[in-house]
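Asks: Starting off with a structure, shown below.
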Amino acid sequence: MIIADRKPLEEIQEMVKSCGKILLVGCKGCVTVCNVGGLKEVQVLASILRIARKKEGRPLEVEEKVLERQCDPEYVEQLRDTYDQYDAVLSMACGVGPQFLSEAYPDQRFFPAVNTKFMGGAVQHGIWEERCAGCGTCIIHFYDGMCPIARCSKSLLHGPCGGSADGKCEVSSDIECIWDKIVRKKMEQDRLEDLRVLRAAKDWRTARDGGPRRSIREELVK
Amino acid sequence: MSENGYKSGSNLEKVLKAGHFAFTGECGPPKGANVDHLKEKFEHLRGKVDAVNVTDNQTAVVRMSSKAASALMVQAGLEPNFQMVCRDRNRLAMMADVLGAYALGIRNMLCLSGDHQHFGNHPQSKNVYDIDSMQLIAMVKKMRDEGKFLNDEPIDVPPKIFIGAACNPFADPVDYRIYRLANKIDAGADFIQTQCIYNMKRFRQFMKRAVDMGLAERASILAGVTPMKSARMAKYMAKNVPGMDVPEELIKRLEGAGKGKMAEEGIKFAIEQIQEFKEMEGVAGVHLMAIEWEHKVPEIAERAGVLPRPQVD
């Protein structure tokens, strides 16, 4: 899923500084699962914003709403009757949310309340980690299900570099060297020959090409 | 291969092919466009080494470009070993620089992944890593031997470059390092310069495997030497440089030398190493990385008995 972190409060307050009434809209998708932009987080942020502004002596009216998904026009449409009743709309969805909202309602202003970070999962309660870089051409079968593009600090296709020590990356001892894991697994399972292959330079066109990448499923297109 | 039987005709290649024990040095370009400073550094190496590695934004700190500094060296009549890292350039820039380097008279190149930008003075930068060091080696070989760009289009005058690669025998996972070296040689490395060696016992074991696997015959392996200036430097490297093996006994030896005498003890150890490398099976030379100590290179070379450097025509 998509993992995000909430922006610092000061940054959010700065965005809505000139507003008197805003809509804070969460999303029941990924950001709910990673505890950053679901119902609970919408309620908490709304309260904090209200209290802070009340202290300043210029109260902020904050209405709360949570959409099923902000990346789906069908649900985005649910704001049609109310979106223009606010000075701005603050979205707690990933970076897709405020963009879909502003495409649907061009005359309103939409601000992001979270920083969208990566595609990953929970490695323990409260800690999420990146697993996929969305390069568009999956190659993890070459590396026993471990992606060096997303997980090696240098995205090396032939690692590990000379900075690998004790299973950790040269960048930080908090980062595991994914190449250490790949190599150890291959060697333990007697499949070293997999690593004696020279891989061709990656075709990055599927990762980053002209304009936003698209996925078209002909059978679904009306 | 060109008509004279050399891949590049660089001095380093000639020295190695003639069977001499090679001796290379290193020079980091200045943090600025100070040509006088650069010349002052590399002049210490004139006549003392077969080629001078010119680092490429080493430790991710911005400096004069390795290509420009290498070209200045060529103009001054020294032979550079142009280093290129994968961190700062995509494949277009890399191929362009290989061609440009060759056009400027550069004949040796060292292909590296590069230190992560996190270590440097612009940690905010975006790294490239379009290709990695293994693919860079293969790309330069293709340009040289097939006369083709990565996309198979023909090159009008291919760059005849002597291709180098790095090897750290002490990084983890240790058992895999010899295979990574083999991969680099398979990809096209003509010569290898290792990371600085301090643990001689482990390096002997590594070289034995390299010889047994036939790697030392297929590429010239130059052992990396960096003289320690002090016990503090040794401790720092042991603790803070990932993939560096500095034995406790070396630290003790430096400490034992006492204040004011540690640098000399570090040089003594380096000289002992060079002498052992000269006799070690499979070692084709030494790469001396006297970091910010270029002026010490003549003395070390003299005392290690590697002077005068051979002249091969």
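Asks: With Cβ to Cβ distances under 14 Å as the rule, what net charge do the other residues near A:ALA201 carry (K, R +1; D, E -1)?
Replies: +4
Asks: Further, regarding this structure: Which semi-axis lengths, in whole Å and largest first, follow from the square roots of five times the eigenvalues of the Cα gyration tensor of region B:11-303? Kindly include the intermediate steps, with their values, before the conclusion.
Replies: On the way: eigenvalues 170, 95, 74 Å².
Equivalent ellipsoid semi-axes, largest first: 29, 22, 19 Å.
Asks: Give, as a single signed number, the net charge of other residues whose beta carbon lies under 11 Å from the beta carbon of A:ASP144, with Lys and Arg counted +1 and Asp and Glu -1.
Replies: Summing Lys/Arg as +1 and Asp/Glu as -1 gives +3.
Asks: Pairs to check: B:LYS39/B:LYS261; B:LYS14/B:LYS160; A:LYS154/A:LYS202; A:LYS202/B:LYS148; B:LYS160/B:LYS184; B:LYS39/B:LYS184. Give those whose C-alpha atoms are more than 22 Å from each other in this structure.
Replies: Correct reply: B:LYS39/B:LYS261; B:LYS39/B:LYS184.
Asks: Which one of A:VAL42, A:GLY57, A:PRO106 is farthest out on the positive end of the charge dipole of region A:2-118, using unit charges on Cβ (Lys, Arg +1; Asp, Glu -1) and the Cα centre as origin?
Replies: Farthest towards the positive end: A:GLY57.
Asks: Sorted by mean Cβ packing within 10 Å, highest first, what order do the peptides A:137-149, A:178-190, A:19-31 take?
Replies: Ranking the peptides A:137-149, A:178-190, A:19-31 by packing returns A:19-31, A:178-190, A:137-149.
Asks: Hey, got the average number of other protein chain Cβ atoms within 10 angstrom for residues in B:137-144?
Replies: Values: counts 2, 5, 1, 0, 0, 0, 0, 0.
Averaged over the peptide's residues, the number is 1.
Asks: Just round it to a whole percent: the fraction of Cα-Cα distances in region A:4-108 exceeding 19 Å.
Replies: Values: 2093 of 5460 pairs.
So the portion of pairs separated by more than 19 Å is 38 percent.
Asks: Binning every alpha carbon pair distance of region B:184-281 at 5 Å from zero, what are the percents per bin?
Replies: Percent of Cα pairs in each bin: 3, 12, 22, 21, 17, 12, 8, 4, 1, 0.
Asks: Further question on the same structure: What is the magnitude of the charge dipole of region A:2-118 about its Cα centre, with +1 placed on the Cβ of each Lys and Arg, -1 on the Cβ of each Asp and Glu, and no other charges, expressed in debye to the nearest 20?
Replies: It works out to roughly 500 debye.
Asks: What shape does region A:133-202 take by its C-alpha gyration tensor, where a ≥ b ≥ c are the square roots of the eigenvalues and a/c under 1.5 counts as rounded, a/b above b/c as prolate, and the rest as oblate? Could you put the intermediate results ahead of the total?
Replies: Values: a/c = 1.72, a/b = 1.13, b/c = 1.53.
It is oblate, given that a/c is not under 1.5 and a/b is not larger than b/c.
Asks: Hey, another quick one. What does the structure give for B:116-126 when I average, per residue, the other chain Cβ atoms found within 10 Å of the residue Cβ? All intermediate terms of the calculation are to be shown ahead of the outcome.
Replies: Details: counts 8, 3, 6, 3, 0, 0, 0, 1, 0, 0, 0.
Across B:116-126, the average partner-chain Cβ count within 10 Å equals 2.
Asks: Before rounding to the nearest 500, sum -39500 (n - 2.57) across all DSSP H runs of length at least 4 in the protein assembly as shown and divide by the residue total; then give [θ] at 222 nm in deg cm²/dmol.
Replies: Theoretical 222 nm ellipticity from helices: -9500 deg cm²/dmol.
Asks: Further question on the same structure: Taking N as the number of residues in chain A, what is its alpha-carbon radius of gyration divided by 2.2 N^0.38 Å?
Replies: Details: Rg = 21.9 Å, N = 222, 2.2 N^0.38 = 17.1 Å.
Chain A yields a ratio of 1.27.
Asks: Which of rounded, prolate or oblate describes region B:36-193 when judged by the alpha-carbon gyration tensor and an a/c cut-off of 1.5? Before the final figure, lay out the partial values.
Replies: On the way: a/c = 1.31, a/b = 1.09, b/c = 1.20.
Rounded.
Asks: B:LYS126: net charge of surrounding residues, Cβ under 13 Å, Lys/Arg +1, Asp/Glu -1, itself excluded? Intermediate values should be presented prior to the final figure.
Replies: Details: positive: A:LYS154, A:ARG208, B:ARG87, B:ARG89; negative: B:ASP88, B:ASP130.
It works out to a net charge of +2.
Asks: Given the peptides A:55-61, B:267-273, B:299-305, arrange them by the average over their residues of other C-beta atoms within 10 Å, most packed first.
Replies: So the peptides A:55-61, B:267-273, B:299-305, ranked by packing, come out B:267-273, B:299-305, A:55-61.
Asks: Could you give the size of the charge dipole of chain B about its Cα centre, using +1 on the Cβ of each K and R and -1 on the Cβ of each D and E, expressed in debye and rounded to the nearest 20?
Replies: 580
Asks: Shifting gears a bit: Summarise the partner chain shielding of B:174-183 as one whole number: the mean count of Cβ atoms from other chains within 10 Å of each residue's Cβ.
Replies: Mean shielding by partner chains, rounded to a whole number: 4.
Asks: Ok, one more. Return one whole number: the accessible area per residue of region B:11-303 in Å², for a 1.4 Å probe.
Replies: 40
Asks: While we're here: Just want to confirm a number: the relative contact order over chain B, from Cα pairs under 8 angstrom separated by 6+ residues, in percent. Before the final figure, lay out each step's value.
Replies: Working: 590 pairs, mean separation 62.3, N = 313.
So the answer I get is 20 percent.
Asks: Does the protein assembly as shown come out rounded, prolate or oblate by the C-alpha gyration tensor, with a ≥ b ≥ c the root eigenvalues, rounded set by a/c under 1.5 and, if not, prolate when a/b is larger than b/c and oblate if not?
Replies: Cα axes put the protein assembly as shown in the prolate bin.
Asks: Okay, moving on. Based on Cα coordinates alone, diagonalise the gyration tensor for region B:3-64, multiply each eigenvalue by 5, take square roots, and list the semi-axes in whole Å, largest first.
Replies: One finds semi-axes of 27, 13, 10 Å for region B:3-64.
Asks: Using protein heavy atoms only (no ligands, DNA or RNA), what is the total accessible area buried between A and B, 1.4 Å probe, nearest 100 Å²?
Replies: Looking at A and B, the buried total is near 2500 Å².
Asks: Could you name the aspartates and glutamates in cross-link range of B:LYS141, using Cα to Cα under 12 Å and dropping any fewer than eight places away on the same chain?
Replies: Cross-link targets: B:ASP186, B:ASP190.
Asks: Let me ask you something else. With +1 assigned to the C-beta of every Lys and Arg and -1 to the C-beta of every Asp and Glu, and no other charges, what is the dipole magnitude of region B:36-161 about the Cα centre in debye, to the nearest 20?
Replies: Working: 16 positive and 16 negative charges, 27 e Å.
Dipole magnitude for region B:36-161 comes out near 140 debye.
Asks: In straight Cα distance, which lysines are under 18 Å from A:LYS40, not counting same-chain residues fewer than 8 positions off?
Replies: A:LYS40 reaches A:LYS7, A:LYS28, A:LYS65.
The values are calculated or read from the model by the stated rules, or taken from the named source; none is laboratory data. Here the structure is a predicted model, which is why all the values come from computation and not from measurement. Virtual Cβ from ideal backbone geometry, glycine too; neighbours counted across all protein chains shown. Areas reflect the complete protein model, heavy atoms only, side chains present, ligands, DNA and RNA absent. Shrake-Rupley method; radii C 1.70, N 1.55, O 1.52, S 1.80 Å.
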